[in-house]
Each structure stands twice: as structure tokens, then as C-alpha cells.
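This report refers to the structure that appears directly beneath it.
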Ligand code: SF4
Ligand code: SF4
Ligand code: SF4
Ligand code: SF4
């Protein structure tokens, strides 16, 4: 009886020590769920979700403070992926979905005020005070944050045109012929 | 010398329809009134244009320089005048435009100075560079730059070099005719590739329905390089797929995730080898290719066509019959419908087939998959096309990758046998391009995230620095406030007036010093600006250069108002976004 108890107690102590050690040794830095959510978000950093960037929104979702349908750049696709990950219901997007766009500066009109540079969250605008500014197209995420600050309204958003490099094979569709 | 042959799994035996186009020898196609030479004709980086409208070019002159290691140069197919460098419809299933050089031939067909080289006297890196600059790419249809395939793996010795003359696609006979007529050049070209790869053995695989080509190659090999082996492989589509041919000849299986050099084997098309030989031994870059014109035409034949010739003019040579509805580029199994006949012949155009409803009846409507497994039986890569189909159709792309969609070579065997007439390959192409698009998006998102985080870190750092500066200024002010008492006494004392003079002098002195310092800084900045060679301006297109000249002229004309000079001085320092305070 005593030996049985002793053996059980010893087992408990050893296993407890092992678990305790493992929890310190293999501690996960950061919140893995937030990172997973953030990986789904499009990283446009536009703030349309009401949070100052994708990471804060991811944190809010993970904390259960925010709904999963607030990110317009992510689209319905993003909502579906989030629903999958979190086991929640798929909901229609809060805003309308837009085709992917990039910003274009009308370089004739630009007065070089640098306001757009300060607005761009991903440093996609190049320019200097009183010099013409331009957008580095491959870096622009299409967040529209630079459009409003421009005092001479020379920034416009343009949908990305299809070209040979981004062209995709279409989903096969077939015309259904009417029976004669 | 009977070699043991291996088998690849699956495959089909469609009607080959090859005899119609091998009745006549290869003919030289006439030059068109205008050539539209696309700059991007190979896999990899798009070459930069090196000519502008108005330039005269000679035959073989470089008009597009390779832009990266995996990229291949483009040349003027004949002498003439460059009319424009503009967007022109591409030989691509999308029918979208691509940057092309429009050349008006002058009819003289004047060559640049051709410099034959002896590849044996050059280091291998130099030979690879020469091949890149001669625009040698895989002419079997994939157009992958050949020089990039010519580096042996470091750890694995090259055992076999496989030369692909199988040409398994129905209708296509361009490689067949090339082997019949130009076997010597092919065999000499093989020597170049063999040396670069240091391959132990050379195997030339030709389908056994091309007896003339086998005989011609055999004869050339006996004369020039008796240790190469010409092997007749059983006729079965897709025996000419690189991976299938490697499997048949060597028994090695190359997975999608690995390069064939890692298994000690590499494969090249016969036409590629031929162009490599011309490039080195004759100094002639790739300016034309053999194109099979066949299908529903009066005169099926192989033509040697200058790259950039509009397809409309090429197909006219074969006189398509009246009921021709559309044209296919490539074979009937793997090719695609040409959306616009204004598209030019490019390095990947191996065959143009005139299609009529009689020749290729419109596919019957797609019916549900009955899970008969026929597609899995014929798939040469032992995939399960029906599973891939389900998942592609449901847009479940993660699952398609689990079922190895990227091992699919889009050979079309599965669609060919499907009793429900499901266009399986179209679904796979759709799924693959969606996966690629997502991959690109993911990369862009990761880059954006990184830039966003860097920007935030920078903002924080700047704020901290500013706070520190302010704190330092504040502490300085408080210490100053402590110091003054002695001075306040001195202010109303008479000597102070006298002391005022030297103080003023010192102030003007300080001013002068500061001015001199500013002037010196400006001079330094100017000198620096003149010294600095901007890195991104050494390969400008002619148009860009013109724009820059116009801007410079405008700048020069501007009156040197103080503001303008200030602005110019400011531009000396590259004020990136970090300047935005
Ligand atoms: S709306 Fe979407 S893309 Fe924009 S910041 Fe929020 S999560 Fe990021
Ligand atoms: S350039 Fe404008 S639209 Fe593009 S990322 Fe920057 S702020 Fe957003
Ligand atoms: S408005 Fe913006 S874009 Fe225009 S000049 Fe200002 S900063 Fe630039
Ligand atoms: S197209 Fe792809 S899935 Fe179909 S048979 Fe060929 S390799 Fe297999």
C-alpha cells in the first residue's frame, strides 16, 4: 500500500517536473493565433477595418473583440479563410469588394508637399520637398491612404490592368445549348 | 547495340497525322512587310530593348539584352529599320499585348559581322554566356533558356545527356524534318552540350515512327561521334515529354520538385542543339525556327520562318481550306487556340494547325465524372486526375497541391480518354495559375508587412530621438538660466558697451564662417553629384533617354530664382520618405 502510494507520488513528481520544464523550455513567443490570423489578412495596412493596420485587427479578432468580416481588401475569400481558421460562421463582407488597385500620381500637378509620403504605410512613394513625387508601383498595396491628404488632388486609384505576367487561365465554362 | 528501354506508365496513342507534312523538304518562308519581334520570348526575365524607332538594324543585331541569368537575348531577324518599340499582341493564349520591336525589312538581309568561336578554347562560363547572348532557348515549346540548364550539379556526376527527337505530338514534324536534313549540325551541337555538362553518355531518343530521321541521325553519328547512341523509342504519346523520355532511356524518374541534373541527367531538344551549334560555330544567333504548317490546309509543309513574322502571313503559305475555323499553336494535345493571327511567330512556335469542325469536332458537353479511373490509367505521371479535377473545380487549391498538381505536365492524356468529355487539363491550368497568383499575392503581402513594420520602427526611433533632443535642449536651457546672474550685473556697466563691438564683430565673423561652410557644403554636394553614377541609368531605353534629355533641357531653361536653386540643392541629398517630418 505504502509502496504503491510512494510510486504514484514519485511518478506525479517526475512527470510534473518534466511538464514544468517543457513549459519553460518550449515556451511559444507571441500569440500563435494572432500570427495565423495575420497571415490571412492582406497586409494592405489601410485601416478600413477600423484598426490601425492588419496586426491590431488580427489581435482584436483573436481577442474576440472584432468580427471577421471587416476587411474589404481581403474580400469574401479572406472572410471564408478566417471562418475556416476560427470555426466561425461565414458572414457577408461589411463593405463592397473592389478590384485590386494601385495609386497613380499625376506628376504634372504634384506640388511636392510630401503629405502623401507621410500617409503611405508601406513607403511606396518616392519624392522630396518641392520635387515631383511618384509611386513605386510594385510596392503600392492600394490602401488609398495617400489619396485624401493630397491638397491638389493629383492622386487617383486605378485598377491593375491584366497583362501577360498576371494573366490567369479562366475557370472552364461551357455554353449550354438549348435543345432544338 | 540494343539498349534496354524502360517504360513510362500510361500514355495514349492518338492518330499521328504526321505523314502529310513530311512530303516536301523544309522551305524558306518569305520575309513579311513588317516583323514584330517580341522582347520576351523565353521563360525568365524580359530582355531590355536596345534599339529605338528610327534606328537601322542589321541581321543578327542584338535588339533585346538578357536581363538576368535566366533570360535570353533577342536579335533582329533581318536588316532594316526599326519603326517602333511598342506593345503588340503576343503569341499567348490570352491574346494580350507584349513589348515588341517592329522592324521594316530593307530586303538586303545584311548580316552583322559573324564571329564563329571554338567552344573548346573558351571556359565553360563564357560558352554559357555566349549561348545566352545568342538567344538559345528550348525550342521544343517551353522556351527555357538553355544556358541555365547547362550547369552540372556539384555533387552528382552527369551520367547521361538525353537528346530529344521523339516529337510525340500528333501533326508536328518540325524536329523530324530538321533531323532528316541537318543531322550533322545537330550531332556537332551535341558535342558542345556534352562538354559543358561533362556527360558520360549521350542518348538520342527518336520515336520509331520516324525511320528516315533515325537513319539520318545514325549515319551522322557514325561519321562524327560514334560513341553517341541513337535509340528508337516506342511511339506513344507523350514519349517526347522530357521527363518521359528520360524515364524511357535511363529509367530515372524526375519529380517536379527536383532538377534533372541532380539525378545526373539532362535533356535537350534537337532543334535547341542545332541552334546552339549555329550560334557558336557560325556566330549566328537564333533568328528563325522551323514551323510545321498542317491540319486543314492545301499544302502542309515545314517552313523556316523568321521570328516575328505575323502568323497570318505564315498560315497563308499553306493555303488553309475554306472551312478552317481557327488555328492552334503547338500540337492538338498541348497547344492552344491562337486568339489573334496578328500575333508573331516566336521561339516557342513549333507548329500551327488549321482547325476545322471536321478535323477537331467541338467537344461534346461536359458530363459528370463517373470515376471510371481511365484518366488515372493513362496519366504518365501516375497522378489521379479525377481527384485533381474535383478539387480544382471546387477551388480547393490546397488539396490539389496535396495531390501533386504541379507534377502534372498538362499532356492532355486524361482529357483525351475521359468518357465524360471533361476538359481536365483546363481545370488544372486554371488551378495552377490561381495557385501562382496567390503565391504572388502572399509574397507581396509579406513584403508590405515588412515595410510597414520597418516604417513603424523608424517612426518610433525618430520620436525617441526627438524626445531626447528636446530633453537635452531643455536641460541646456535650465543650465543657461543658472549661469546668467553674473552677466545681468554686467549689462548696465559701461564696459559692456565697449564689449559690444567685439561681440558684433564675432557675430559677423561667425556669419561669414557659416556662409563659407554652406558654400563649401554646396560645392561638395555638387562635386558628389557629378561623381555619382546613378546605377539605374546605364541601360535606359531610347525613349527614356529622350525623356531625360527633355527634362534636362527644361531644367536648364528655368530662371535661377533663389527658390529654384534651393530646390536643386535640396535634391542633392536623396530625401526619401524618412524626410517627411
Ligand atoms: S482592412 Fe484589412 S487590409 Fe486594411 S488594415 Fe484592416 S486588416 Fe489590414
Ligand atoms: S501609394 Fe498610396 S495607395 Fe499605395 S500603398 Fe502608399 S498610401 Fe497606399
Ligand atoms: S500632393 Fe501629394 S502628391 Fe501631390 S504633391 Fe503633394 S504630396 Fe505629392
Ligand atoms: S494532363 Fe496532367 S493529370 Fe492529365 S494525364 Fe497529363 S500529367 Fe496526368
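Beta carbons closer than 6 Å, at least 6 apart along the sequence or on distinct chains, pair a first residue in region A:135-154 that is within 19 Å of residue A:111 (Cα to Cα) with a second that is within 6 Å of ligand 2 (Cβ to nearest atom) and in a strand (DSSP E or B) for A:135/A:103; A:135/A:125; A:146/A:103. Of all the criteria given as (1) within 11 Å of another protein chain (Cβ to nearest Cβ); (2) closer than 27 Å to residue B:458 by Cα, the one not satisfied by residue A:77 is (2). On inspection, residue B:78 qualifies as in a loop (DSSP other than H, G, I, E, B) and away from ligand 1 (no atom under 16 Å from the Cβ).
With the structure loaded, tell me whether residue B:124 is touching a residue at least 12 places away in the same chain (Cβ under 8 Å), in the same structural domain as residue B:276 (by TED's automatic domain parsing) and touching a helix residue (DSSP H, G or I) at 6+ places or on another chain (Cβ under 6 Å) or whether it fails that test. Yes.
Taking helices (runs of 4 or more DSSP H) as the structural unit, no element lying wholly within region A:1-116 holds at least 1 residues that are under 30 Å from residue A:131 (Cβ atoms) and touching a residue at least 12 places away in the same chain (Cβ under 8 Å). Against the definition (modelled with pLDDT under 90, within 12 Å of ligand 1 (Cβ to nearest atom) and within 13 Å of chain B (Cβ to nearest Cβ)), how does residue A:52 come out, yes or no? So residue A:52 fits the description; yes.
Candidates in region B:410-427 are the residues that are buried (at least 20 other Cβ atoms within 10 Å of the Cβ) and near ligand 4 (Cβ under 6 Å from one of its atoms); of these, the one that is nearest to residue B:12 (Cα to Cα) is B:413.
Return the residues of region B:411-444 that are more than 11 Å from chain A (Cβ to nearest Cβ) and either part of a helix (DSSP H, G or I) or at positive phi (or both); say none if nothing qualifies. Give the derivation first.
Residues of region B:411-444 more than 11 Å from chain A (Cβ to nearest Cβ): B:411-414, B:416-420, B:439.
Matches in region B:411-444: B:412, B:413, B:414, B:416, B:417, B:439.
For region A:80-93, indicate whether the set of residues that are closer than 21 Å to residue A:44 by Cα and within 13 Å of the chain's Cα centre (by Cα) is non-empty. Checking region A:80-93: at least one residue is closer than 21 Å to residue A:44 by Cα and within 13 Å of the chain's Cα centre (by Cα).
Within region A:150-171, does at least one residue satisfy the condition of being under 14 Å from residue A:42 (Cβ atoms), at the interface with chain B (Cβ under 10 Å from one of its Cβ atoms) and either more than 11 Å from ligand 2 (Cβ to nearest atom) or surrounded by 17 or more Cβ atoms within 10 Å (Cβ to Cβ) (or both)? Scanning region A:150-171 turns up no residue that is under 14 Å from residue A:42 (Cβ atoms), at the interface with chain B (Cβ under 10 Å from one of its Cβ atoms) and either more than 11 Å from ligand 2 (Cβ to nearest atom) or surrounded by 17 or more Cβ atoms within 10 Å (Cβ to Cβ) (or both).
Within region B:215-245, being in a helix (DSSP H, G or I), more than 15 Å from ligand 4 (Cβ to nearest atom) and closer than 19 Å to residue B:413 by Cα holds for no residue. Scanning region B:81-96 for residues that are free of Cβ contacts under 8 Å to residues at least 40 places away in the same chain and either out of contact with any strand residue (DSSP E or B) (no Cβ under 9 Å at 6 or more places or on another chain) or crowded, with 18+ Cβ neighbours inside 10 Å (or both) returns B:82, B:96.
Please indicate, with yes or no, whether at least one residue in region A:17-33 is closer than 21 Å to residue B:452 by Cβ, away from ligand 2 (no atom under 16 Å from the Cβ), within 13 Å of chain B (Cβ to nearest Cβ) and out of contact with any helix residue (DSSP H, G or I) (no Cβ under 8 Å at 6 or more places or on another chain). Spell out the reasoning first.
Going residue by residue through region A:17-33, those that are closer than 21 Å to residue B:452 by Cβ are A:29-33.
Imposing the further condition that a residue be away from ligand 2 (no atom under 16 Å from the Cβ) reduces the set to A:29-33.
Keeping just the survivors that are within 13 Å of chain B (Cβ to nearest Cβ) gives none.
So far as region A:17-33 goes, no, none of its residues is closer than 21 Å to residue B:452 by Cβ, away from ligand 2 (no atom under 16 Å from the Cβ), within 13 Å of chain B (Cβ to nearest Cβ) and out of contact with any helix residue (DSSP H, G or I) (no Cβ under 8 Å at 6 or more places or on another chain).
Quick grid of which residues meet (1) assigned to a loop (DSSP other than H, G, I, E, B); (2) more than 16 Å from the chain's Cα centre (by Cα):
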site	(1), (2)
B:14	yes, yes
B:20	no, yes
B:36	no, yes
B:45	yes, no
B:87	no, yes
B:99	no, no
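If I go through region A:135-156 residue by residue, how many of them are near ligand 3 (Cβ under 10 Å from one of its atoms) and at negative phi?
Of the residues in region A:135-156, the ones near ligand 3 (Cβ under 10 Å from one of its atoms) are A:135, A:146-147, A:149-155.
With the extra rule that they be at negative phi, the set shrinks to A:135, A:146-147, A:149-152, A:154-155.
Result for region A:135-156: 9.
Identify the single condition in (1) more than 15 Å from ligand 3 (Cβ to nearest atom); (2) within 12 Å of chain B (Cβ to nearest Cβ); (3) over 28 Å from residue B:46 (Cα atoms) that residue A:132 does not satisfy, given that it satisfies every other one. So residue A:132 meets the others, but not (1).
The values are calculated or read from the model by the stated rules, or taken from the named source; none is laboratory data. Keep in mind the model is a prediction, meaning the values are calculated, not measured. Don't worry about glycine lacking a Cβ; one is built from the backbone with ideal geometry, like all the others, and counts go over all protein chains shown.
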